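Reviewing the structure listed below.
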Amino acid sequence: MSKTIIKVENLSKRYRIGLQEKKADTFAQQLWNNFKAPVENFKRIKSLGKFQEENESVHWALRDVSFEVKQGEVLGIIGKNGAGKSTLLKILSKITEPTSGRIEMNGRVAALLEVGTGFHPELTGRENIYMNGTILGMTKKEIDHKLDEIIDFSGVEKYIDTPVKFYSSGMRVRLGFSVAAHLEPEILIIDEVLAVGDAEFQKKCLGKMKDVSQNEGRTILFVSHDMNAVYKLTSKSMLLDQGKISAIGTTEDIIRKYRTEVTQIQNQYFNPDQSNGVTFIEVITSTGTGIHEFGKPLKINLKAKFTSDFKNVALAFQFIDEFGHSVINPLVTQDKINWVNNGIGEIKLIIPYPRFILGKYSMTVHMGDKAGKQHIQTLENACSFEVAMDHLHSDYGWNRSAAFYLESHIWETENLKYESVY
Amino acid sequence: MNKTIIEPSKGWKVIDFEELWRYKDLLYFLTVRGIKARYAQSILGIGWAIIQPLFTTLVFTVVFGGLAKVDSDGMPYILFSYLALWPWNYFSGTLNESANSLVANAGMITKVYFPRLILPLAAIFSKLLDFIISFVVLLVLLIYFKVVPGLGIIFLPLLLIQLLMTSLGIGMILSAMAVQYRDVKYALTFIVQLLLYGAPVVYSTTAVPEQWQFLYSLNPMVGVIEGIRAMFLSRPMPWDWIWPGAFIGVILFVFGLFYFRKMEKVFADVA
């Protein structure tokens, strides 16, 4: 049993957000407002850090958050914008004070909320390594010791004595990241910094971070919007919603929960009052919550009710992506389907190997009378589901805009043969 | 193993000097950064540290010494005003620089933790280079006018401490205020100009009416300037001018330390 390294108890933080100014109705009122503006401004600015009275200008960024992190654990923190992730990290890294509550941390803490903090454009790369390193809490001696390694990792050896203002933004990020990657705290706090920099360098950094957490038992708190990165780096995660912890668990479960909350998926259609048409549709995804893991069978269940027996029903399922494209040819019933049980019946569609790439899809259902060639009903966007690919490995990351779907395929060579993961 | 406890702080607290010491390397690099950045990509570079006070002195000499015929206690006006401008420029320079130090580095304050006091400290230390260079110019002037400093020179370190404490004290107060009230920045520019006339830079203390002299001496810069003039010109040390200001200087410094610490916790939220 490893010991608790971070203990957070009932942590809360409130901010005062600016109140809207009172609008003037008349010209005279406006003049008077301008006249007393300094007094009003003073009151407003002074109150920014004070909270005598509760009113609508007070915002709780965090409320009663408690959790523990064990040594060597890598905890992912996810949540929508404004859920309190950054506020939590800012309190943990001592940038701002909590309003109430308590944190106990056993070990040296380093926080990486930005790459290259303190970089000055007029200083050279080498000077900025010292600048940034000491800001992050290293001593000059420690940096002296690791300087060659840092320069080597950054890949900008050639320009290390050039002022940073002549660097490309990519080079600056690389340099900043190299410094950060060589921090040796017991607790490392990282916020969204992987979003910058090119894919290859990101991979290098992720690898480096994974190494240190596994081999050196370092505790890491990791915030990111990149679910793929969270999935790769962490095994345990925490979901924040409106300043409160909404769930803690395995990263897989938490990401699934997060996706469901964020994308407002409606994987069921229900209309029991319908007496002559579709009453129920459900997209049965691999997770059961509307999130479908790529590569697993997808099922769709449809129930319909007619006033009497109804022969020769035609059905078509159309799949539409977020951009309005119908991504595959509508799936149409070919054989005769007869609703014989007094017009009540149920039909199931199974797609054994769906190849929809990650993203949100909605389904439109068309129903017709095959014999009479008559249109009966069209349900636009009846249901929706989302395809997730966080569990699939990709050397280059998954990109929504890269394609409409993934094809299964096989690579063949003279003496090698292997099947693709798709 | 290090143990960190994070809790909301209440009331007035003493600055954590131990922590400040741990970050001494950061103070060093920020000071160097301040110096390098100030004179980067300029042709004269550090030469500006000589030109600025020298030209001001020349202008004062022409306007106040030559045209207005201000009494300079019987010494060459150029030396008279340079002896005052030497500490005064350091004082006004550090005031401007330290007051803006937190606002100018808001990006750092909101992204990483370090003792915030490092920022105004670095501003004050980086100005020391200019101070030393203009001291060299002073030496040249002393040699030119064949002036030999008196025994009072042994008190120079004391006066420099008074100068540093005053600058740092006001710097801490102003920088902490400037984070919340940006008015400080605009007000400071002309207030520093006005303050110049509240200290004996262009005129002599003999011009101050007797009944106002005690009030006047409460300005710590009065004692610093009078003391420096006296020691370089072999006059008896004007302790009556120095003590009240020294007292105020210490109060400013101590109050500054506490005020800064008290305001520190809201910096990241309002910067």
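Annotations
- Residue within the range A:261-277 that is crowded, with 21+ Cβ neighbours inside 10 Å and not in a helix (DSSP H, G or I) present: yes
- Scanning the range B:12-31 for residues that are free of Cβ contacts under 8 Å to residues at least 24 places away in the same chain and either under 19 Å from B:Leu128 (Cβ atoms) or not acidic (Asp, Glu) (or both) returns B:Phe17, B:Trp21, B:Arg22, B:Lys24, B:Asp25, B:Tyr28, B:Phe29.
- Yes/no for A:Lys236 being charged (D, E, K, R), under 29 Å from A:Tyr353 (Cβ atoms) and either surrounded by fewer than 17 Cβ atoms within 10 Å (Cβ to Cβ) or in contact (Cβ under 8 Å) with a residue 24 or more places away in the chain (or both): no
- Residues in the range A:101-126 that are closer than 24 Å to B:Val32 by Cβ, assigned to a loop (DSSP other than H, G, I, E, B) and within 9 Å of chain B (Cβ to nearest Cβ): A:Glu114, A:Thr117, A:Gly118, A:His120, A:Pro121, A:Glu122, A:Leu123.
- Of all residues in the range B:238-271, those satisfying the criterion of being within 14 Å of another protein chain (Cβ to nearest Cβ) and assigned to a loop (DSSP other than H, G, I, E, B) are B:Lys265, B:Val266, B:Ala271.
- With respect to the stated conditions, A:Met209 is part of a helix (DSSP H, G or I), touching a Leu at 6+ places or on another chain (Cβ under 7 Å) and crowded, with 21+ Cβ neighbours inside 10 Å.
- Residue in the range B:145-152 that is among the hydrophobic types (A, V, I, L, M, F, W, C) and within 25 Å of B:Pro244 (Cβ to Cβ) present: yes
- Among the residues here, B:Ile191 does not qualify as assigned to a helix (DSSP H, G or I), at pLDDT below 90 and under 25 Å from B:Met75 (Cβ atoms).
- Restricting the first member to the range A:210-231 and to residues that are within 29 Å of A:Val387 (Cβ to Cβ), and the second to residues that are among the acidic types (Asp, Glu), the beta-carbon pairs closer than 7 Å and six or more apart or on different chains are A:Val223/A:Asp191; A:Val223/A:Glu192; A:Ser224/A:Glu192; A:His225/A:Glu192; A:Met227/A:Asp390; A:Asn228/A:Asp390; A:Tyr231/A:Asp390.
- Test: B:Leu233 is away from chain A (no Cβ under 14 Å), at pLDDT 90 or above and surrounded by 16 or more Cβ atoms within 10 Å (Cβ to Cβ): no
- Residue list for the range B:34-63, filter: within 14 Å of chain A (Cβ to nearest Cβ) and without any contact (Cβ under 8 Å) to a residue 40 or more places away in the chain: B:Lys36, B:Ala37, B:Tyr39, B:Ala40, B:Gln41, B:Ser42, B:Gly45
- Restricting the range B:76-109 to residues that are more than 20 Å from B:Leu164 (Cα to Cα) and in contact with a Lys or Arg (Cβ under 8 Å, 6 or more places away or on another chain) leaves a set whose member that is farthest from the other protein chains (Cβ to nearest Cβ) is B:Phe80.
- Of all residues making up the range B:20-54, the number that are outside any helix (DSSP H, G or I) and surrounded by 17 or more Cβ atoms within 10 Å (Cβ to Cβ): 1
The values are calculated or read from the model by the stated rules, or taken from the named source; none is laboratory data. Computed from a predicted structure; not experimentally measured. Backbone-built Cβ (ideal geometry, glycine too); neighbour counts: all protein chains shown.
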